[in-house]
Amino acid sequence: TQSCNSDPQSSSLSVDSESLQRQIDELSTFSDTPAPSVTRILYSEKDVLARRFIKNLMGRSGLSVHEDAVGNIFGRWEGSEPELPAVATGSHIDAIPYSGKYDGVVGVLGAIEAINVLRRSGFEPKRSLEVILFTSEEPTRFGISCLGRDLNSGSCDRLLARSQALSEALKKTVDGQNISFFNAARLAGYAKDQEDLSSVFMKEGHYSAFLELHIEQGPILEEEGISIGIVTAIAAPASIKVDFEGNGGHAGAVLMPYRNDAGLAAAELALAVEKHVLDSGSVDTVGTVGIMELHPGAINSIPSKSHVEIDTRDIDESRRDTVIEKVHLSAIAIAEKCKVELSEFRIVNKDPPALSDKSVIEAMQFASQQLNLSHKFMISRAYHDSLFMARISPMGMIFIPCYKGYSHKPEEYASIEDIANGVKVLAVTMGINS
Ligand code: HGY
Ligand code: MN
Ligand code: MN
Ligand code: MN
């Protein structure tokens, strides 16, 4: 066998593509919506079944498995020097409603297969290798993206100081059915002691590197016929929740001059978001109103309440923040014009962008060259668990092409050949860093 420090020889790496495809297909069946869509919401029954499926695969790969208080799952291959900070890799398996079966999944199942590839090649790690299933990357259920990572962003002392504040905040957090975060977590077998989330916190330097394999969720690699994307930066995401309130009333009986229509205010705000984003002067600024709810939601009742959720991002943080300020001013002006109350304008998260670590980028480039895979540097416009892991560890991401760049919809697709390429680059990069 090779000495524990030697880099895995790229020629000796073999991916078991057949079983990896079978695992991707089987995992996609743990869904609350019919195939080909996938819906898998944090702590739902299907999420719990999917977690059991992954833990079983981790065990079969010889990884020792442990879970923290919010359900981040860790599979560890102890290295010859286990006291050194480990090399970690991972992603998520939660899926937004009616999405696809590759987003996040490729970075979890692919990571487990990368461990198998290294074992089959006779590689023995010096630093331990750790595969992480992040408990929830999508904001779907509780409106908090990268929940498991939010608890880890920043330096440990700040977080420990914040742990009570975070516990308090999470205690007040409920989903659309008014189920509290802690009740949902407990039903899924987590957060038994809701007071103490300290098991979730990681010290800066806990890992020597964090790597994430992910589909590009954009069309560039496929269009340019390139096998591997090496991510240099992750765009800065932000999300805002807005509520307008008016008097509502009978859609026939109330004449137009006497109305204060919360629905119209929501519609105007959506157009204002588009305007401010397009006025930013850069194609890198994006904005979406993905949620717009009208109350009472009856055709013959003037909306008395409207709820709008806005997602805006940019690779330039200050340009994104300018959009947020302008949207806020518009919301105030629109409330006045529609004679409704702006009852809430809440910035849920406003995160900085993340830069990949130079040496991790170089290792990924070396791995791609070793494997004779075409590759290019690129930014990630989607956010990932890596966005937060970058705050506590040197980070890097490997992208693979996906069909027409489709993601967050059932047509999402990545070929097993492209996935296998990504797994090999991940395996070699882990080996180099270990
Ligand atoms: O929205 C995102 O960027 C991620 O896919 N959740
Ligand atoms: Mn996603
Ligand atoms: Mn994802
Ligand atoms: Mn992600």
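The values are calculated or read from the model by the stated rules, or taken from the named source; none is laboratory data. No experiment lies behind these values; they were computed from the predicted model shown. As a convention, Cβ positions derive from the backbone with ideal geometry for all residues, glycine included, and neighbour counts pool all protein chains shown. Side chains included, ligands, DNA and RNA excluded: accessible areas come from the protein's heavy atoms. Shrake-Rupley method; radii C 1.70, N 1.55, O 1.52, S 1.80 Å.
Annotations
- Rounded if a/c under 1.5, otherwise prolate or oblate - the chain, Cα gyration tensor axes: prolate
- Extension gain from THR29 to LEU255, taking 0.36 nm per residue of separation minus the Cα-Cα distance: 76.2 nm
- Helical runs assigned H by DSSP (4 residues or longer) give the chain a calculated mean residue ellipticity at 222 nm of -11000 deg cm²/dmol, each run adding -39500 (n - 2.57) before division by the residue total.
- FRET efficiency estimate (nearest 0.05) - Cβ-Cβ, ILE179 to HIS66, R0 30 angstrom: 0.70
- Surface composition of the stretch 182-222: carbon and sulfur make up 52 percent of the accessible area, probe 1.4 Å.
- Three-way shape call for the stretch 391-434 based on the alpha-carbon gyration tensor, with the a/c threshold at 1.5: oblate
- Here's how it looks for ALA86: its modeled amide H is under 5 Å from those of SER208, which are all 5 or more places away or on a different chain.
- In the elastic network of the chain, a GNM with C-alpha springs shorter than 10 Å, the most mobile of GLY290, GLY122, GLY62 is GLY290.
- Global form of the stretch 170-314, assessed from the alpha-carbon gyration tensor, a/c cut-off 1.5: oblate
- Most mobile of ILE347, ILE310, ILE112 in a GNM of the chain (Cα contacts under 10 Å): ILE347
- Among complete DSSP H helices in the chain, those whose alpha-carbon atoms stretch at least 27 Å along the helix's long axis and whose mean Kyte-Doolittle hydropathy reaches -1.0 are 317-337.
- Just checking the listed ones, PRO352, PRO257, PRO303: in the Gaussian network model of the chain with Cα springs under 10 Å, the one fluctuating most is PRO257.
- With both labels modelled 7 Å from their Cα along Cα-to-Cβ, the SER14 to GLN369 distance reads 2.8 nm.
- Accessible area per residue for the stretch 197-292, computed on protein heavy atoms with a 1.4 Å probe, is 43 Å².
- Solvent-accessible area assigned to carbon and sulfur over the stretch 20-132 amounts to 52 percent, based on a 1.4 Å probe.
- Summed residue charge, Cβ within 11 Å of SER356's Cβ, Lys/Arg positive, Asp/Glu negative: -2
- Ordering of 294-301, 73-80 by packing is 73-80, 294-301, highest average first (other Cβ atoms within 10 Å, averaged per residue).
- Amide H contacts of ASN72 (H built 1.01 Å from N, under 5 Å, at least 5 apart or other chain): THR135
- Computed about its Cα centre, the charge dipole of the chain is approximately 420 debye, with only Lys, Arg, Asp and Glu carrying charge at their Cβ.
- In this simple spin-label approximation, VAL283 and GLU224 carry label points 7 Å from Cα along the Cα→Cβ vector, and these lie 1.2 nm apart.
- For the chain, the residue among SER28, GLY71, SER14 whose Cα projects farthest onto the positive side of the dipole built from Cβ charges is GLY71.
- Taking every C-alpha pair closer than 8 Å and separated by at least 6 residues, the mean separation divided by the residue count of the chain gives a relative contact order of 24 percent.
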